[in-house]
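The values are calculated or read from the model by the stated rules, or taken from the named source; none is laboratory data. Computed from a prediction, not measured in an experiment: that's the story for all the values here. Reconstructed Cβ throughout: ideal geometry from the backbone, glycine too, with neighbour counts over all protein chains shown. Just the protein is used for accessible areas: all its heavy atoms, side chains included, with ligands, DNA and RNA removed. Shrake-Rupley method; radii C 1.70, N 1.55, O 1.52, S 1.80 Å.
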Amino acid sequence: MDSNKKSMEKASGSKKQEKESFFQSLISSLFKSSNPEAEKKRRLKNLAKTISKTKYHAYYRPATGEMLAPFGKLIFDLYKAVSSAQTYFRNTQNPAIFKRQIINYILSDNQLALLDELDEQKILELARTVPFQKLQQDVEHKLQIFTNEFNETRAAKANNLEKAFSLFQDFCEFDYYMILKKFDSSYQEYNFNAQPRLDKVNAEYILDDLKDFLTVAYSITDESVEWNMLFEMLKETQSRELVSLGNWKKIIAKIKSIQTSRTLDLTIQHISGDFAYETALSYQHNSIIEPYIEKMENDTRNLMAKIEAEQKESKASSICMQIFGTANPQSLKYYVPDFNSPLIKKDLSVLEYTEPLNYLKTFLVEFVKKVIREYYDVVVIRGQWDATLSAPMSNAYQELLKLSDEITEFDEMMAEEGTMGIKVKTLLPKTAHDAGAENIINRVVSDANETARGYIIQGTQALIVIGKTVKQLLEDYVLPKPLLVQNWKELEKYIDAPMKDFSVDIYKKIYLFVQLMQTYIN
């Protein structure tokens with residue numbers, strides 16, 4: 001009886017405890033959010049227990065919030081292993097050379113040969129002996145072949161190498177020394193003769209360093225990265241071994257083990273109180289082939305443009321010296337290079353034909369209105385020849401006289417108070433905040449360029465007509481019995497120089513000037 005009673009009392013007590021435990025849990029779950037600090041402490045306590053069970057728990061002491069010497073030892077060992085690579089990368093004055101080495105490594109033998117032929121110095125040497133048009137065609141052909149050989153396989157190889165190299169470089173260049181200084185303030189940079197005296201560190205003091213370290217460290221555990229290919233390339237392109245492949249793989253294995261254990265991720269969560277923290281990897285892939293090709297094409301074409309401009313300038317200077325006796329004759333006041341200075345500063349359109357229009361105006365004033373006028377007055381006006389044959393030359397001559405006046409009027413329009421110049425002057429200060437002002441200026445300049453080009457073409461065509469006629473007359477003059485002009489002998493008394501020499505000089509000057517203009521309008 002007593003035993004049954006005790007048994008019943010025991011069962012009743014057990015049920016009462018279970019009931020009380022249930023209600024305590026229920027109350028706890030209902031009211032825990034009302035005390036967030038208590039909840040945070042509870043979660044931190046649980047997190048500390050989890051960290052203590054991980055493989056690398058010796059790195060951190062949750063109770064005191066301290067990073068311990070074993071973690072400092074990890075940083076020292078990594079620092080020592082990559083120090084040679086770190087100093088090499090930091091002492092490289094032109095970091096872009098590494099991407100260039102990656103590109104060169106994946107090029108075919110034919111591409112390497114073409115790359116040598118497209119070298120700036122080689123092109124400049126050829127420009128001295130090869131006509132520009134032929135050189136330009138040859139360069140463009142080689143560029144096309146070079147770019148066409150970047151097939152998918154070669155591009156993928158380059159991108160894989162670039163990814164591996166970027167991750168390798170980021171890891172090696174990480175500032176391990178800064179972390180070590182926090183464990184041992186007396187530690188000297190790149191001193192590996194003895195172990196540093198590592199002390200424990202307030203974890204909050206290196207929290208940001210720890211986050212940064214994991215970002216670069218976890219990136220190298222990416223299994224898609226082809227490390228063997230990278231180290232083969234480094235062996236070929238570098239004068240020394242930065243890190244041996246064997247040691248690098250040991251580093252990856254160590255980092256992967258730490259990553260798998262989640263010790264340091266949990267440590268960061270515990271230090272920061274951010275229970276959702278996860279290490280974010282920073283590598284972002286950008287193809288290196290397209291920018292390389294684009295830069296190579298731009299650089300090569302800019303070089304060709306520079307060569308063309310220099311050859312044009314040299315040719316123009318030479319012709320100007322033969323025609324005018326000076327390399328840079330000036331006749332215009334406002335449609336001149338100085339007009340472009342404020343436009344260039346604001347990246348606006350500029351006057352494109354300042355040189356040839358000045359040459360044309362000078363030629364019209366100094367040669368057409370003087371020398372050709374004299375020839376015209378004697379041969380066309382006094383000459384006895386068919387009017388239908390002389391009409392084209394007469395019309396061309398009158399057109400040039402009219403054109404000279406039009407160019408003068410046009411030049412005045414570009415003055416500060418001229419119809420075009422005043423628009424540019426008024427709108428320039430507004431371009432900083434008004435896109436419409438830029439558009440108007442660009443349109444004004446574009447219209448001016450179109451007008452100037454029209455004058456150059458018109459003047460050149462008229463001079464060609466005169467030149468052809470003078471050539472025909474010269475050929476007629478030397479005939480025993482002229483067919484075009486019947487009174488050559490009579491005409492000679494109206495000029496001081498021999499008619500033949502006078503005609504030859506006019507033809508040569510027109511021929512040279514037409515050549516000069518064609519360098520600008522072709």
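The table below gives the values:
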{"quantity": "R0 of 30 Å, Cβ-Cβ distance Thr388-Lys315: FRET efficiency to nearest 0.05", "calculated": "0.20"}
{"quantity": "Angle between the chain longest axis and helix 499-521 axis [Cα atoms, degrees, rounded to 10]", "calculated": "20"}
{"quantity": "Charge dipole magnitude, Cβ of K and R +1, D and E -1 - the range 120-190, Cα centre, debye nearest 20", "calculated": "240"}
{"quantity": "Amide H contacts of Glu66 (H built 1.01 Å from N, under 5 Å, at least 5 apart or other chain)", "calculated": "Arg61, Ala203"}
{"quantity": "Nearest-0.05 FRET efficiency for Ser84 and Leu44, computed from C-beta distance (R0 30 Å)", "calculated": "0.15"}
{"quantity": "Extension gain (nm, one decimal) between Ser257 and Asn298, 0.36 nm per residue minus Cα-Cα", "calculated": "10.1 nm"}
{"quantity": "Area of His433 that stays accessible when all protein chains are in place (1.4 Å probe, Å², to 10)", "calculated": "150"}
{"quantity": "Degrees separating the helix 435-477 axis from the principal Cα axis of the chain, which is the longest one", "calculated": "30"}
{"quantity": "Environment charge of Thr426, counting only residues whose C-beta is closer than 12 Å and scoring Lys/Arg +1, Asp/Glu -1", "calculated": "0"}
{"quantity": "Heavy-atom accessible area order for Trp385, Trp248, largest first, 1.4 Å probe", "calculated": "Trp385, Trp248"}
{"quantity": "Set Lys49/Lys80; Lys370/Lys500; Lys122/Lys295; Lys369/Lys471; Lys134/Lys500; Lys163/Lys211 screened for pairs whose C-alpha atoms are more than 26 Å apart", "calculated": "Lys49/Lys80; Lys134/Lys500"}
{"quantity": "Heavy-atom surface of the range 346-435, accessible at 1.4 Å and reported per residue (Å²)", "calculated": "50"}
{"quantity": "Extension gain, Arg197 back to Leu479 (0.36 nm per residue minus Cα-Cα distance, nm)", "calculated": "90.7 nm"}
{"quantity": "Sulfur and carbon atoms: percent of accessible area, the chain [1.4 Å]", "calculated": "50"}
{"quantity": "Leading residue at positive end of dipole, the chain (Cβ point charges), from Ile319, Leu234, Gln269", "calculated": "Gln269"}
{"quantity": "Efficiency of FRET between Glu125 and Ser287 - r from beta-carbon atoms, R0 30 angstrom, step 0.05", "calculated": "0.35"}
{"quantity": "Net lengthening on full extension, Arg240/Val371 (0.36 nm per residue, minus Cα-Cα)", "calculated": "39.7 nm"}
{"quantity": "Ala96 versus Trp227: modelled label distance in nm, points set 7 Å from Cα along the beta carbon direction", "calculated": "3.2"}
